[in-house]
Amino acid sequence: MKRNADDSNPVMIGQTDWYAQAGKNPFIEDGFTPELMMRIEQAAANKSSAYKRYWINKNMVLTSLATILLIGALTFPMGIWKNTGPIHSSSVQSQGAGILPSSSPATNDKAIEPPTSPVEFEISGKKYYMPLPMNRDKSKAYAVETTAGILWSPPPPMVDYKKPKYTHPTEPFTLYLSSKDQTELSASSATRIYTLPLYAGGASTYQYLSGFFGAGDYALLFTYTKTIGSGIMENGRFFILNVKKAATGESLVPKELTSFDWELLEYKSIIAVDKEHDLIVFSYLEYPVDKTYQDKTVLYDMETLSIQTPASTIGFRDINGQSLTMEYEMNGELYKADILTKGGPGWLDEDWAFLSEERQNELYQEFYSQTP
C-alpha cells in the first residue's frame, strides 16, 4: 500500500509520545528489541480498535432515532445541514496545495511499511479487503459498488493528543477506484478519483468524509467539518460524483446539493436512488402540528441536480425496516428505487411529537433491547 505521511515521521505527538520519552536509542537495554515493541503496539491497537468499533456502532443507532439522519457508517445531527458550508480563504487554499481533485493512477511506493490489519467488505456477494496500518480508525474505512468499479476510501492518519476534541487528520480523505475483480483495495493498484481538502475555513478546522453510497454511475458523498477544541460536527454537506466519468480520466469536482432543506428529513424520511433513471428520491412525512400528516417526495436528477416532476411515494407508512426497495409514482407511472437509509423517530411512532416523554423513553428502550 502507498506509504502514508505518518510513516515518514515515526516520532509523533500524542499516541507515540513514549518514543521520545525513551530517548534517542530506546533499544539500548537488554531484552527490549524492535520485535518486542512491535508486538506490544500491535496488541494494544487490536484491543483499542475492538472497543472503539462497538462504542461507535451502538451510539450511532442510539442517536439516530431522535434528531439524526442515518448516513451509513456515520450520522449527522440534522441542524448542521443549515450552514452553507466552509469558506475557503486564500491562506487556507495555499495550505491545501497538492490536494486538488485528480483522476490519476496512484503511485506505488515500496518503502518499508508498518504492520497492517485489513478491513473486510462484502459487496454483491464478493469479499474485498483493505490493508491498513494498525493505528488507523477502521470505522472510517468505506467501500461501495458503482458501475465503474469499487469506490473506496481509507481512513487517513490522525494526530492523537489523548484528547478527543483535539484529534484531527494529518492527511485529507481520498477516494480511489478499483476493478471489481481486484479483491485487495490498495492505493498502489487503484485510480485516485478525488481528494477532499484537508482544511475547511481555517488552519484549525478540518474536513471529514462521513461516508458514501453507490448509485449506479454515481456516488452520493456526505461530509462534515470539525474545529480543534470544539469536537462538534458542523457544516454537513451532500455531494454527487459521477464516478463513471471520473474513471475515464475526466477531472471532476463533486456537485453539492444545496437546494434541499435537510430538516424536512428529521421526523420520518427515506433517501433512495433510482439507478435506472439516475434519480435521487427524498421521501418524508411532514412533522405534524395538529396530527395531520402528509407524505411528500422530491426527485433530483443526479447529473444536473435539478428537481424533476413532483412525485409521490407508494405505501410510505407501510415500508418496514426490512424493505430494500420502494415504489413511487411520477406522471401516472410507477417506478422503483433502492432504499439507502431511513431517518427520524417517526419510524418508531408517527405520533412521536404528541407522545409523553415517558412513552418516548419506553420506545427507545424497546429499540435498544433489540439492537445488537
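Here the stretch 168-210 is the region considered, the condition is being among the charged types (D, E, K, R) and outside any strand (DSSP E or B), and the residue that is farthest from Ser230 (Cα to Cα) is Asp181.
A quick yes/no check of all residues on (1) among the small types (Gly, Ala, Ser); (2) closer than 27 Å to Gln370 by Cα; (3) surrounded by 14 or more Cβ atoms within 10 Å (Cβ to Cβ); (4) without any contact (Cβ under 8 Å) to a residue 24 or more places away in the chain:
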position: Tyr300; (1), (2), (3), (4): no, no, yes, no
position: Thr313; (1), (2), (3), (4): no, no, yes, no
position: Asp318; (1), (2), (3), (4): no, yes, no, yes
position: Glu333; (1), (2), (3), (4): no, no, no, yes
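Which one is nearest to Leu348 (Cα to Cα), of the residues in the stretch 294-316 that are over 28 Å from the mean Cα position of the chain (by Cα) and at pLDDT below 85? Out of the qualifying residues, it is Pro310. Residues being surrounded by 14 or more Cβ atoms within 10 Å (Cβ to Cβ) and within 27 Å of Leu221 (Cβ to Cβ) are represented in the stretch 347-365 by at least one member. Among the numbered conditions (1) among the charged types (D, E, K, R); (2) at pLDDT 95 or above; (3) surrounded by 15 or more Cβ atoms within 10 Å (Cβ to Cβ), the only one that Lys126 does not meet is (3). Criterion applied to Ser153, Ser102 was being within 27 Å of Tyr218 (Cα to Cα) and modelled with pLDDT of 85 or more, and the one residue passing it is Ser153. Considering each residue of the stretch 267-290 in turn, at least one proves to be in contact (Cβ under 8 Å) with a residue 12 or more places away in the chain, part of a loop (DSSP other than H, G, I, E, B) and surrounded by 20 or more Cβ atoms within 10 Å (Cβ to Cβ).
The values are calculated or read from the model by the stated rules, or taken from the named source; none is laboratory data. Worth saying up front: this structure is predicted, and the values here are computed from it rather than measured. Positions of Cβ are generated from backbone atoms using ideal geometry, with glycine treated the same way; all protein chains shown enter the neighbour counts.
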